[in-house]
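The values are calculated or read from the model by the stated rules, or taken from the named source; none is laboratory data. Here the structure is a predicted model, which is why all the values come from computation and not from measurement. When we count neighbours, we look across all protein chains shown, and the Cβ atoms used for this are built from the backbone with ideal geometry, even at glycine. Calculation scope for accessible area: heavy atoms of the full protein, side chains included, ligands and nucleic acids excluded. Shrake-Rupley method; radii C 1.70, N 1.55, O 1.52, S 1.80 Å.
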Amino acid sequence: MNNIPRCEYPKPQFERKNWLNLNGEWDFCFDNGRSGKARKIYGKSASFSRKITVPFCVESELSGIGKKDFIYGVWYRKEIELTEKQTKGRTVLHFGAADYKTTVYINGTEAGSHEGGYVSFCFDISDKVREGKNVIAVNCEDDTRDPMIPRGKQSEEYHSHGCDYTRTTGIWQTVWLEFTEKTYIKKVKYYPDVITSSVTIEAELCGKADLKAETSFEGRPTGSAEIKDAAGVVTFTVSLSEKQLWEVGNGRLYDVKFTFGKDKVKSYFGLRNIRFDGYRFMLNDKSVFQRLVLDQGFYPDGIYTAPSDKALLNDIKLSKKFGFNGARLHQKVFEERFLYHCDKEGYLVWGEYGNWGLDHTKPESIYHFLPEWLEEISRDFNHPAIIGWCPFNETWDIKGCKQYDPLLSLVYRATKAADSTRPCIDTSGNFHVETDIYDIHDYEQNPSVYAEHYRDFEKNDEFHDGLCNRQHYIHGLPMFVSEYGGIKWSRPDTKGNAWGYGNAPKTEEEFKERYKGLTDVMLDNPKIFGFCYTQLTDVEQEQNGCYYYNREQKFDTEFFCKVNSRKAAIED
């Protein structure tokens, strides 16, 4: 298992022992003409010309291919051997993510398809596998320039440019098999309550059996509940004998062991509540200032995929070293292992979606957005680190046409229906239609001018940005500066190719002065609950990160940590 890339269990919040990691070498071929199905590439006699290392995308160096041109279709094939015991119950094939439309064949028979490039999906293949040799074939189709396909930060031009980067095609997260009983737990949802020191659990079950949930903290039992002959959807509450709060920097987690008949699942949750009190973001009834950084989730060698689990955790540690307490996970749905580390580290994050590339002026785009967005909310609902949802980012006009406002309103309302426990920003920066928070993007580089932008808001609750013809601040809404800074700083040999916001400082001292001046404006404003600095690392030509793309330090981080960490005016 140690020789397999990304060998760790992909879903640490819903873990079973009986699983098989399918990462590693697969047969591979391109299918830009999308004729593979007609040629029956999924059949036994099909010829595959290359090998690829899964779970890395075709464009990445770690995949062993590194082809960066536009790719419209790819095929994968892997032969696996299964035992009689493994095929006795349910056999489920899981994909962490694959971009964009994925169709799976087992032993020459179609097992199912999924549309969407970001969220995990699976197929029950119990009736298609057998003891002994089995062949899995996977077809992925993608078109970054299709206006009905959300692409996030993947470049729609041949070269990366501005703040768009190398594309991702095909499988880009772990593939694995899971073997379960035929009576099993499908999913659970947690509703922790700080006031009563309890957690209410909603469990969706397949079949009928006794259900037991046992909670513990650092090995010490903290409570349990048991339901006889449970079936369907059951809801119950476990009172906790210890009150261990999930807080910023202290990701205290309760472990949960579920037993449903012979099915056993290991899980966890965090005891915390969030809400807004006027302008203030409240975590466990304490005002907490969100000191966030924009995290694009790109890697030089893996593109969308971190080279290792350690690399995921390292990004969080680098952020905290700079004085940030969380991140906007930007224009991408991050993998569950990353969210697991956020949960453990007490690291605040916003769940977002890669909406760029989708034509939000068209009403029919709802069919290519909402299904996967709701899948994301369902998948990540239980992570205590996620403190808000943001489905869209900067919905600028497309070919002279404005966004379709009912689209944004519908997505906002669907988000609130799917999760009433978290705030939702309809579209970060612009153009707001229906939102819980008024957030803005402000890349002014002069601290004095920047301060003037928020002076009226601090004094009399009036805010006017440059988009007043399209959006208006509503009195009393919480205010969040969700993008700022983006100060360009490059290595001397790359300055000519660098992209960033404004004019680059000429010296390190000038950089520090500008950074502190901009950041102080928000920390000193008693009506702003958070900021998000652009960005954690450089990504290719966009060189305004706190760190270089390879995660090396640009500066001594002690100065910036002190700037970011000091008490904000809005905090308790």
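In table form, for the structure just shown:
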item: Estimated dipole of the stretch 347-445 in Debye, rounded to 20 [Cβ of Lys and Arg +1, of Asp and Glu -1, Cα centre]; result: 240 debye
item: 9 Å beta-carbon shell around SER428, net charge (K/R +1, D/E -1); result: -4
item: Residue order for THR235, THR102 - accessible surface, 1.4 angstrom probe, largest first; result: THR235, THR102
item: Pairwise centroid distance, computed over Cα atoms, of the stretch 308-344 with the stretch 3-64, Å; result: 25 Å
item: Heavy-atom SASA rank of ARG455, ARG6 (probe 1.4 Å, accessible area, largest first); result: ARG455, ARG6
item: Accessible area in the full protein assembly, largest first, 1.4 Å probe, for ASP31, ASP572, ASP465; result: ASP572, ASP465, ASP31
item: Stokes-Einstein translational diffusion, the stretch 244-290 - Kirkwood Rh over all Cα pairs, 0.890 mPa s, 25 °C, in µm²/s; result: 194 µm²/s
item: Alpha-carbon Rg with Dmax, taken over the stretch 283-438, Å; result: 15.8, 46
item: Computed magnitude of the charge dipole of the stretch 47-144 (debye, nearest 20; Cβ of K, R +1, Cβ of D, E -1); result: 400 debye
item: Descending Cα extents along the principal axes, the stretch 84-236, whole Å; result: 57, 47, 28
item: With all protein chains modelled, accessible area of HIS159 [1.4 Å, Å²]; result: 130 Å²
item: Computed helical MRE - 222 nm, the chain, DSSP H runs ≥ 4 contributing -39500 (n - 2.57), nearest 500; result: -4500 deg cm²/dmol
item: Computed magnitude of the charge dipole of the chain (debye, nearest 20; Cβ of K, R +1, Cβ of D, E -1); result: 1700 debye
item: Computed over the stretch 100-163, Kirkwood Rh from alpha-carbon pairs, angstrom; result: 14.0 Å
item: Space enclosed by the convex hull of the alpha-carbon atoms of the stretch 399-527, per residue, Å³; result: 157 Å³
item: Calculated log₁₀ intensity ratio I(q)/I(0) where the Debye formula runs over C-alpha points of the stretch 478-572, q = 0.12, 0.22, 0.24 Å⁻¹; result: -0.39, -1.14, -1.29
item: Stokes-Einstein diffusion coefficient of the chain, Kirkwood radius over Cα pairs, 37 °C, 0.692 mPa s, in µm²/s; result: 132 µm²/s
item: Within the stretch 222-327, trypsin sites (Lys or Arg not before Pro) in DSSP loop having at most 14 other beta-carbon neighbours inside 10 Å; result: LYS243, LYS262
item: With every protein chain in place, the stretch 116-237: carbon and sulfur % of accessible area (1.4 Å); result: 46 percent
